[in-house]
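The numbers here are math on the coordinates, done by the rules we state, and not lab data. From a predicted model like this one, the values you see are computed outputs, not experimental measurements. We place every Cβ from the backbone using ideal geometry, glycine too, and count neighbours over all the protein chains shown.
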Amino acid sequence: MTFKVKSFAAYDNRSPLAPFQAERRELRPDDVDIDILYCGVCHSDLHQARNDWGWSNYPIVPGHEIIGRVRAVGSQVSRFKAGDLVGVGCMVDSCGHCHACTHDLEQYCEEGMTQTYNTPDRRDGLMTYGGYSERIIVTENFVLCVPENLDTQAVAPLLCAGITVWSPLKHWNIGAGSKVAVVGLGGLGHMAIKLARALGTEVTLFTRSPNKADDAFRLGAHKVVLSTDKNQMNAVANEFNLIIDTVPYTHDLKPYLPTLALDGTLVMVGLVGELEESINTVLMQPGRRSIAASMIGGIKETQEMLDFCGEHNIVSDVEVINMQDINEAFVRMEKSDVKYRFVIDMASL
């Protein structure tokens, strides 16, 4: 059995997003029914709406940074009750039994995670629809507790932008005494600065834009380095334990590699695609430097991040929009004309 809910969808890769009646399943025993309050707008939403990655299945209801309150729960649900403030991130299921899943790394499920939208549900085959919608039904194990003390509308981007940068910080054991650099100051970059600073690290922003310095310092950066200035780059040689590269397009990595310390790693979290000719092992072998890639985090790790943000009062810098303004927001997002994340107020739907 299914029912319809108000949503906004991409009907193809050319048309503006428009109203759509999304099909939701009735509650299974382990399901949570959520009234969506806010949904963040991620660059991935734009890419999938336009089929930039070649795997879009239309119609698509985007949205994987979802904050809402529980409406109802299935008969076997024990962790949630009606009225709880909850979140849903980039995935809503996984196989549960592979090596990755049994180690709380569902994002790397060997059978493929079930994404919050644009993926067939692994149990009933229905296409998943995301958070540009009034309601969503999600398996209990993929629902997150959201701290009530945080600014609710500004929490939404933590569920993608936040966890995407938190996961490498934790994996590479970044903490007090570490030195971290962030490449790019956007939705991901601004969260990387906030979270790294709260972990007690010394944080540097690499940027090509001198006018971003004031904002970087406001967000918590200790230093700002112009990546186009050779003298400034030379001054931070052999310095960083981790560089978090948030740039979403192909770019040259070679200027950043000499700034890595011994056993330092440059981790790509923004680019989905080829690096082309941007890697040179001559710059990696001295210092045993590495280039790696990472994506979001598992449910356990995401909950740990939300709890950490609750303790340190960390949220995203957001601009709240109405659902009807999503197409204008997509255009502005392409121009980096947002500080630093759009969030849809779903009451406008």
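Once you divide the Cα radius of gyration of the chain by 2.2 N^0.38 Å, the number left is 0.98. Specify the residue with the greatest mean-square fluctuation among 329, 154, 100, computed from a Gaussian network of the chain linking alpha-carbon atoms under 10 Å apart. The residue that fluctuates most here is 100. Around residue 81, with a cut-off of 12 angstrom between Cβ atoms, what is the net charge of the other residues, counting Lys and Arg +1 and Asp and Glu -1? That sum, taken over residues with Cβ under 12 Å, equals 0. A straight line joining the Cα centroids of segment 145-210 and segment 62-85 runs 26 Å.
Subtracting the Cα-Cα distance from 0.36 nm times the residue separation, let me have the gained length for residue 307 to residue 339 in nm, one decimal. Working shown, then result.
Working: separation 32, 0.36 × 32 = 11.52 nm, distance 2.39 nm.
Once the chain is fully extended between residue 307 and residue 339, it gains 9.1 nm.
Full extension of the chain between residue 325 and residue 75 yields a length gain of 86.2 nm, computed as 0.36 nm times the residue separation minus the alpha carbon distance. A simple charge model with +1 on the Cβ of Lys and Arg, -1 on the Cβ of Asp and Glu and nothing else charged puts the dipole of segment 161-293 at about 360 debye relative to its Cα centre. Compactness of segment 259-349 is given as radius of gyration and Dmax, 18.7, 55 Å, from Cα positions. The GNM of the chain, with springs linking C-alpha atoms under 10 angstrom apart, assigns the highest mean-square fluctuation among 124, 245, 84 to 124. Other residues lying with their Cβ under 12 Å from the Cβ of residue 99 contribute a combined charge of -4, Lys and Arg counting +1, Asp and Glu -1. Secondary structure note: in segment 161-293, about 0% of the DSSP beta bridges are antiparallel.
Cross-link reach is defined here as a Cα-Cα straight distance under 19 Å, omitting same-chain residues fewer than 8 places apart; for residue 4 the aspartates and glutamates meeting it are 23, 26, 31, 33, 35, 121, 124, 134.
Around the Cα centre of segment 2-56, unit charges on the Cβ atoms of Lys, Arg, Asp and Glu (plus for the first two, minus for the last two) sum to a dipole of about 220 debye. So which residue, out of 229, 215, 325, gets the largest mean-square fluctuation from a GNM of the chain using Cα contacts under 10 Å as springs? Maximum among the listed residues: 229. The number of Lys pairs in segment 161-293 with C-alpha atoms less than 21 Å apart, excluding pairs fewer than 8 positions apart on the same chain, is 13. Taking a Cβ cut-off of under 15 Å around residue 337, the surrounding Lys, Arg, Asp and Glu residues balance to a net charge of -1, with basic ones at +1 and acidic ones at -1. Within the chain, helices built from complete DSSP H runs that reach 15 Å or longer along their own axis (Cα positions) and carry a mean Kyte-Doolittle hydropathy of 0.5 or higher are 187-198.
Counting GluC sites (Glu not before Pro) as exposed when in a DSSP loop with at most 13 other beta carbons within 10 Å, what is the longest stretch of the chain free of them? Write down the numbers at each step before the final one.
Details: sites that count: 26, 110, 111, 148, 274, 276, 277.
The longest such stretch corresponds to 149-273.
Applying a DSSP loop filter and a limit of 11 other Cβ atoms within 10 Å to the trypsin sites (Lys or Arg not before Pro) in segment 1-62 leaves 14.
Given the Cα-Cα distance of residue 98 and residue 11 and 0.36 nm per residue of separation, how much length would full extension add, in nm? Show your work: numbers first, answer last.
Details: separation 87, 0.36 × 87 = 31.32 nm, distance 3.45 nm.
In short, 27.9 nm is gained.
Normalised by residue number, the volume inside the convex hull of the Cα atoms of segment 161-293 is 94 Å³ per residue.
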